[in-house]
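Data first, discussion second: the structure below is written as structure tokens.
The values are calculated or read from the model by the stated rules, or taken from the named source; none is laboratory data. In this text the structure is predicted, and so the values were computed from the model without any measurement. Methodologically, a virtual Cβ is constructed for each residue, glycine included, from the backbone with ideal geometry; neighbour enumeration extends over all protein chains shown. Ligands, DNA and RNA are excluded from the accessible area calculation, which covers all protein heavy atoms including side chains. Shrake-Rupley method; radii C 1.70, N 1.55, O 1.52, S 1.80 Å.
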Amino acid sequence: MQFTPTDGANALHPPHIRIEGVSKRFGGFTAVRDIDLTIGRGELFALLGGSGCGKTTLLRMLAGFADPSTGRIHIGDRDVTHLPPYERPVNMMFQSYALFPHMTVAANIAFGLKREGLPKPEIARRVEEALALVKLDGLGGRKPAQLSGGQRQRVALARAVVKRPEVLLLDEPMSALDKKLREHTQFELMAIQRQLGITFVMVTHDQEEAMAMATRIAVMDGGRIMQVGSPRDIYETPRSLFVADFIGSVNMLEGQVVETQGAEAAMDCPALGRRIVFAAGRNLALGETVALALRPERITIGQAASGANHVHGQIQALAYHGGASVFRVLLPTGTLLQVTRPNLVEGSGSTLAIGDAVTLSWSPQATTVIET
Amino acid sequence: MRPLLSLVSGAWGRRIVIGLPFLWLALFFLLPFLVTLKIAFSPSINGIPPIGPILGLTDDGALRITLHIENWSYLFQDPSYVIAYGRSLLTAAITTVLCLVIGYPMAYRIARASPRMRPLLLILVIMPFWTSFLIRVYAWIGILKDNGLINNFLLWTRIIHQPLQMMNTQFAVHLVMTYAYLPFMLLPLYTTLEKLDLSLLEAASDLGGRPIISFLTVTLPLSLPGIVAGSLLVFIPAVGEFIIPTLVGSPGHQMIASVVFDEFFSNRDWPTASAVATAVVLLLLVPILALVWLRQRNDAKLIASS
């Protein structure tokens, strides 16, 4: 891929975790393939991908639960590649929370501090601090079985940060929470991360969660990193079809370049049955086949044409989502385009209906050239 | 079909399902126990059966219950009963500890084996049950006796020149009892260890716990129910074990079960035999019931508050 290992680790986030050529094989199966990645200090970094993409294996190698088959992992100046978990300056928040069921909340949080051999008053003080941080004051005497799911998640967080690790690893931190609580918790986790200044590395399969929280995202597939970048980079300039498709909805348009003029180019697109103009982003050769990603919300839907590119079609399906409506528009060529329109004013969700003839328009800048 | 179904699913169905085991216990445990208790208070006579009645009528026609407590006072006057009882408790305790020490690592290893291997390893644990218990004890005699397997081997290799006295010792009793009761310890231990969430051990390790600390602070406390269940399953029958001490133990080191046997069959003193047997049940049952009750109350407290 075309990113450099130090992508994004800038003056704001000097390098903290360096992963160099790391692979992990389980028997004949390669879970993680030759990954190079640098994560900056104080970042909230997300490893994003579907199940089996290798994101959890990579996280477990950072924690020390899995030994890399090849490559090195550095945290700060230390080579931690083969250090056991109990000697790493890293703590993990488990997907299942992994709270000790036979211990009280306070004993769970104190567990790591006791292992450091801190004096009792110091442990008690820091447990109180951690409980206050996650807003669970007064619940230290409870057992995990007596807490709600959201409270357990907070205990898991408190237990993981109380040791003041250099790096906090979060394995699907929000997966067990309901949608409402999840949104609330996202903001809280981000606030806590800023407050503590710890580097967070989070594994998630939820692209919205990654987009909302992370400073940078690594999109993974088949044990490889497909792209690393800020949520904005990944969304707006996906480098591959996989990334474009994984992050949000996308319309893919392919065709041959027939004209280039400065920053813009034109191509004949058989799927649309017409020539379209797009921002090239780089030098394109005439006759070159290119693929464009066109996000549904970048298309204007209406009766009249309003951009450089426009096609006519018929609404085949629509879904009302409250804040926005999603349309599927059938073109005469047989192509289906997905269009999202925000419902800005009351009643705007009901002005268009299935079967209506509409015109779709978009500007040359609305599309992104995908590397194929 | 319908009446049967509604019977089983209704309140009466529940009562029957719960009631049957109670009925079973009442019929085959409580009733024999009461009979034994009654004999324990009966006078010893020459006759068939060798006990007199405890119920009678006085001259003026009143019901008279005569409780012969002298059967019980023997138990404390003759130290041999107390010694035999103490020896039984000690032997059972040693057996329990040995089973725990040997069974825990075995159960732990089986629980951590690959899911494919586990049934095979468990079958190996249970396999000896397919042979008669008595034959297995006789096999141990063949191994332990003066011209048995071990002694013959040691003599042949000239490590020893005199056979080691292993048969008819407490050593043989402890060895064979540990062998015989090991599966009863191992299986409940395996069940709790197999259920143990491995991410808890990862969490302990992640928080700075070395393997030995993780074991002591997480694995061991969480396998406590298995340890308690296994220990009870070994300890209770071990106290009353009759066959093993009789076959491989020393006649000079009588255990409580053979005392009951001798009183009953050799002395034909049913009341004393019954008093000894009843005392064993009471001394064993009461503390263990208290323990179980305490545990259940603890669990209930946790469930109620969650």
Averaged over the residues of A:115-127, the number of partner chain Cβ atoms within 10 Å of each residue's own Cβ comes to 1
With label points set 7 Å from each Cα along the Cα-to-Cβ direction at B:Leu155 and B:Ser266, the distance between them in nm comes to 3.0 nm
Expressed as a whole number, the average count of other chain Cβ atoms within 10 Å around the Cβ atoms of A:132-140 is 0
Over all Cα pairs of the protein assembly as shown, the Kirkwood radius sets Rh, and Rg/Rh then becomes 1.17
Per the rule of 0.36 nm per residue minus the C-alpha distance, extending A:Leu196 to A:Arg25 adds in nm 58.1 nm
Ignoring ligands and nucleic acids, A:Lys143 exposes an accessible area, probe 1.4 Å, in Å² to the nearest 10, of 50 Å²
Here the Kirkwood hydrodynamic radius of segment B:27-305, Cα-based and in Å, equals 22.3 Å
Here the Cα Rg-to-2.2 N^0.38 Å ratio for segment A:27-165 is 1.18
Expected unfolding gain across B:Leu294-B:Gln77 under the 0.36 nm per residue rule, minus the alpha-carbon gap, is 74.7 nm
Rounded to the nearest 10 Å², the 1.4 Å probe accessible area of B:Leu247 is 50 Å²
Gyration tensor on Cα atoms of segment B:154-285, a ≥ b ≥ c root eigenvalues, a/c under 1.5 rounded, else prolate if a/b beats b/c, else oblate, says oblate
Ordered by number, the chymotrypsin sites (Phe, Trp or Tyr not before Pro) in segment B:21-117 that occupy a DSSP loop and have at most 15 other Cβ atoms within 10 Å are none
So the pair-distance distribution of segment B:80-144, from every Cα-Cα distance in 10 Å bins, comes to percents of 17, 27, 38, 14, 4, 0
One computes Rg over Rh for segment A:283-341 from alpha-carbon atoms, with the Kirkwood Rh, and obtains 1.04
Note to self: with every protein chain in place and a 1.4 Å probe, chain B gives an accessible area per residue in Å² of 59 Å²
What helix-only [θ] at 222 nm does chain A give? Using -39500 (n - 2.57) per DSSP H run of at least 4, over all residues, to the nearest 500, the answer is -6500 deg cm²/dmol
Quick calc, B:Ile141 & B:Ala93: beta-carbon distance into FRET formula, R0 22 Å, rounding 0.05, result 0.35
Treating every alpha carbon of segment A:96-211 as one equal point scatterer without solvent, the Debye formula yields log10 I(q)/I(0) values at q = 0.12, 0.13, 0.14, 0.24 Å⁻¹ of -0.41, -0.48, -0.56, -1.55
Segment A:282-350 accessible area per residue, 1.4 Å probe, protein heavy atoms, integer Å², reads 53 Å²
For the pair A and B, the solvent-accessible area buried on both sides (1.4 Å probe; DNA, RNA and ligands excluded), in Å² to the nearest hundred, is 2000 Å²
As a Kirkwood estimate from alpha-carbon pairs, segment B:68-202 has a hydrodynamic radius in angstrom of 18.2 Å
Expressed in angstrom, Rg and Dmax over the Cα atoms of segment B:39-136 are 25.3, 78
Taking only Cα atoms of chain A, the Rg to Rh ratio with Kirkwood Rh works out at 1.06
Note, segment A:220-228: 3J(HN,Hα) by Karplus (6.51, -1.76, 1.60, θ = phi - 60°), whole Hz, Gly/Pro = x, goes 10, 7, x, x, 10, 8, 8, 6, 10
Rounded to whole angstrom, the alpha-carbon centroid of segment B:205-253 lies from that of segment A:308-372 at a distance of 70 Å
Under a 1.4 Å probe, counting only protein heavy atoms, A:Lys179 has an accessible area in Å², nearest 10, of 130 Å²
Of B:177-183, A:119-125, B:234-240, ordering from highest average Cβ density within 10 Å down gives B:177-183, B:234-240, A:119-125
Taking segment B:197-267, the whole-percent share of alpha-carbon pairs separated by over 15 angstrom is 67 percent
For segment B:27-305, the accessible surface attributable to carbon and sulfur atoms (probe 1.4 angstrom, ligands and nucleic acids excluded) amounts in percent to 73 percent
Partner shielding of A:96-102, taken as the mean number of other chain Cβ atoms within 10 Å, equals 6
A 1.4 Å probe over the protein heavy atoms gives chain A a carbon and sulfur accessible-area percentage of 51 percent
GNM of chain B, Cα pairs under 10 angstrom: of B:Leu224, B:Leu189, B:Leu63, the biggest fluctuation goes to B:Leu63
In this structure, the FRET efficiency calculated for A:Glu371 and A:Val345 from their beta-carbon separation, with R0 = 45 Å, to the nearest 0.05, is 0.70
Taking Lys and Arg as +1 and Asp and Glu as -1, residues besides A:Ala265 with C-beta under 12 Å from its C-beta add up to -2
Rounded to the angstrom and largest first, Cα extents along the principal axes for segment A:251-370 equal 46, 26, 22
Taking the alpha-carbon centre of each part, the distance from segment A:116-160 to segment A:243-280 in Å is 54 Å
Residues whose modelled amide H sits under 5 Å from the amide H of A:Ala324, counting only those 5 or more places away in sequence or on another chain, are A:Asn343
On the formula 1/(1 + (r/R0)^6), with r taken between the Cβ atoms of A:Val326 and B:Ile102 and R0 of 60 Å, the FRET efficiency rounded to 0.05 is 0.35
